[in-house]
1. Please give the number of the condition PHE725 fails out of (1) among the aromatic types (Phe, Trp, Tyr); (2) surrounded by fewer than 17 Cβ atoms within 10 Å (Cβ to Cβ); (3) under 29 Å from the mean Cα position of the chain (by Cα).
2. Quick one: would you say LEU339 is within 20 Å of ASP761 (Cα to Cα) and among the hydrophobic types (A, V, I, L, M, F, W, C)?
3. Report yes if ARG698 is free of Cβ contacts under 8 Å to residues at least 12 places away in the same chain and either open to solvent by 70 Å² or more (accessible area, probe 1.4 Å) or part of a helix (DSSP H, G or I) (or both), otherwise no.
4. Condition test on THR574, is it modelled with pLDDT of 85 or more, among the hydroxyl-bearing types (Ser, Thr, Tyr) and touching a Leu at 6+ places or on another chain (Cβ under 9 Å)?
5. Could you tell me whether the stretch 505-512 includes any residue that is surrounded by 14 or more Cβ atoms within 10 Å (Cβ to Cβ) and among the basic types (Lys, Arg)?
6. Name every residue in the stretch 513-534 that is of a type in the set (Gly, Ala, Ser) and either out of contact with any Ser or Thr (no Cβ under 6 Å at 6 or more places or on another chain) or open to solvent by 40 Å² or more (accessible area, probe 1.4 Å) (or both), in order of residue number.
7. Out of GLY590, GLY606, GLY566, which single residue is of a type in the set (Gly, Ala, Ser) and surrounded by fewer than 22 Cβ atoms within 10 Å (Cβ to Cβ)?
8. Taking GLY618 as meeting all but one of (1) of a type in the set (Gly, Ala, Ser); (2) open to solvent by 10 Å² or more (accessible area, probe 1.4 Å); (3) under 22 Å from the mean Cα position of the chain (by Cα), write down the number of the exception.
Amino acid sequence: MGKLYANVIIDISHESVDRVFQYRIPEKLQGNLTAGQQVYIPFGKGNKRRKGYVVELTDDAEYDPDKLKEIEGIVPGSVSAQSQLIWLAWWMKEQYGSTMNQALKTVLPVKQQVKEIPKRTIRLLLDGSGLKEAIALAQKRHYTLRLRILEALAENPVIPWEAASAQLGATMAALKPMEEQGIIALDERRSYRNPLASMERTMEQLSFKQGEEERKAGERNGWETKVLLNSQQQEAVDRIWNDYTQGSRKTWLIHGITGSGKTEVYMELIERVLEQGLQVIVLIPEISLTWQTVMRFYRRFGDRVSVLNSRMSQGERYDQYERARKGELDIIIGPRSALFAPFERLGMIIMDEEHENAYKSELSPRYHAREVAACRAKLSGAALILGSATPSLESYTRALKGEYGLCTLDRRAKEDSVPPAVEVVDLRRELKEGNKSIFSRRLTELIEDRLEHREQIMLFINRRGYANFVSCRSCGEALRCPHCDVTLTLHKNGRLICHYCGYSIPVPKLCPVCGSPYIAPFGTGTQKIEELARKQFPSAKILRMDLDTTSKKEGHQEILSAFARGEADILIGTQMIVKGHDFPRVTLVGALAADLSLYAPDYRCGEQTFDLLVQAAGRAGRGRHPGTAVIQTYQPDHYAVQAAASQDYRAFYEQEMGYRRLMGYPPAVGLLTVQMSSRDEQTLLSEADLLARYLNERAGAGKDLQLIGPVNAPVYKVNDIYRKFLYIKQENYDILIQIRKIAEEYLKGREAARLLSVQYDLT
């Protein structure tokens, strides 16, 4: 008989949607009904016919089966994109722990009224002889305005209303009689906002302002419509496509060194998918990557490419969702939210730089885009392609186990391009030998050489601001945020700012603790680096790129396009400048404090450091001239630094996985993190302890399951909210999901727990 019951979401627009209703599946529908389909169901006391979405099929009746209502029928048509997204929201709720409302708001665009922009045109309906007669009649009767309109239509049979009004003086009073007489048609259609317009203008400026030599370098850099793949790229395309055409839709990992041409592989695969009449989602980790990435795809595939990201206006985002829903787009590019584009014919999802932390949501549901992409690809019958020069340990482990297909690109795509030479500078030795500058002697020498040869330089430090903190030299007290457990960061405008809650004050003249006037900044940020660089290299033109300089809508694009046009010699920035960008004139990259991320309270800090250093080094020498990367560090012997210097991913992977196995961290084991927060500190402390005890007793923590905590979060207080973490380790992922559900049920039953906010993170 199969499964007899269906759990159905009734009204996705209502705020109280965080529950499902169970219905009997009639015998005639058994075997035809699947999760994600839209169905007709009787609802409420009057059994009003409503539509709902099936999120789960089950043979377990939650209530008396005889009292359950029966599904009336399946809504005609295949499973729509919206149905898939609703089912995906249900899967995310079950997998990651959240309310259904939170999951739905993640996967569906907010339905707000957005002013539509109508586009009106005047279209000629007459043939050649008819037009001649109409012109002759207008001349005879001295219809001056009508004559102007007809003569313009003779040259162009379709005229935009704006042009006709501004240039011809057309009015609706003059046009209406012409429409009634069958001379013209007044057409009106929706005009969509185009987020690529400003990018296209940027590209035109780039081509115009660059010299012929730089322009050709830019073309070789990817502005061309299509490139000839090398043997490694072609082999990757053939392997993936052969698998695809045989009906397999497994996940593939493309492990390609920086500059190996992963994007060209993506574009070749996309072209083949589009030829099948299907659509593609391309995920990128950072908004800062949008400018170059989108323009490369736009040049290749035209205006059926669009972009989605949080910097777009509400109207722009709404328009792109509408275009995607109506099938007017073939490719959507953007950060993780682009994964939920409402494509009906999704054939492939590409996730570039798949190792990036930006793919992990920090809000509930705390999903990872890689896992959700795999689920959506399965729902749609699409393939998932992951790409990275430094794959996440999770993905590479699955590839080694055969769960993913693996393609390796170990040489640069351009014949005249080689990986950069990487030098490691020991800052301890620099200090001993009297150099107190943030710029080592070797880096200074190389910067001066590049400036002399009119080549470009990127300087990277993963910390914005002018100084890390301000401290009193008398009592040693650092100035802290009163709302968060962090020190305030000094900015060049003389204000101290909390980067967690935004609290801001001017630098005090006296220490608020002891009254001493001896207050001084310590540490270095991007603003301080910019100031030091201007002093040390006064002839250099310098740009800075961090969250402060890119806060406005097109901030990323303006800075990157200016650098691409050669308007600056040095680009200083945080990690956003070293990910995925391709500037052929950059021949030197300096990582100024390479080991900052090694001190982070995170078991992934070694992996994050390795990734950043490899990606940073990979920005150098991508054009005709060889590149050099300088890694400045106080820990030159750390395996992450050594492996990054030698660009040896496999050596790093082996050492890092040994550490993960020894310490019991993902991907060696699964990890469930329960994050509890509250404005009431005492409630948080007591409820966190009670939950830990309950889970210990109920889940049987012991040899196979390890429970750690509760412990303070790395930043215990943020915006006057206190936070505790509970860590649970288990090799079996499904067991961790069950433990999460046990925790949810326990907390639902406790009155005091209502003062808590709880989030679950499953890794």
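The values are calculated or read from the model by the stated rules, or taken from the named source; none is laboratory data. Since this is a predicted model, take the numbers as computed values, not measurements. Reconstructed Cβ throughout: ideal geometry from the backbone, glycine too, with neighbour counts over all protein chains shown. The protein model used for the area step is the full one, side chains on, heavy atoms only, and it has no ligands, DNA or RNA in it. Shrake-Rupley method; radii C 1.70, N 1.55, O 1.52, S 1.80 Å.
1. Looking at each condition in turn, PHE725 falls short on (2).
2. Values: within 20 Å of ASP761 (Cα to Cα): yes; among the hydrophobic types (A, V, I, L, M, F, W, C): yes.
It is true that LEU339 is within 20 Å of ASP761 (Cα to Cα) and among the hydrophobic types (A, V, I, L, M, F, W, C).
3. Working: free of Cβ contacts under 8 Å to residues at least 12 places away in the same chain: no; either open to solvent by 70 Å² or more (accessible area, probe 1.4 Å) or part of a helix (DSSP H, G or I) (or both): yes.
When the stated conditions are applied, ARG698 does not pass them.
4. Working: modelled with pLDDT of 85 or more: no; among the hydroxyl-bearing types (Ser, Thr, Tyr): yes; touching a Leu at 6+ places or on another chain (Cβ under 9 Å): yes.
Taking the combined requirement at face value, the residue does not satisfy it.
5. No: the stretch 505-512 contains no residue that is surrounded by 14 or more Cβ atoms within 10 Å (Cβ to Cβ) and among the basic types (Lys, Arg).
6. At the first step, the residues of the stretch 513-534 found to be of a type in the set (Gly, Ala, Ser) are 515-516, 520, 523, 525, 533.
Once the filter is applied, which keeps residues that are of a type in the set (Gly, Ala, Ser) and either out of contact with any Ser or Thr (no Cβ under 6 Å at 6 or more places or on another chain) or open to solvent by 40 Å² or more (accessible area, probe 1.4 Å) (or both), the stretch 513-534 yields GLY515, ALA520, GLY523, GLY525, ALA533.
7. Working: GLY590 fails: surrounded by fewer than 22 Cβ atoms within 10 Å (Cβ to Cβ); GLY606 fails: surrounded by fewer than 22 Cβ atoms within 10 Å (Cβ to Cβ).
From the options GLY590, GLY606, GLY566, the qualifying one is GLY566.
8. (2)
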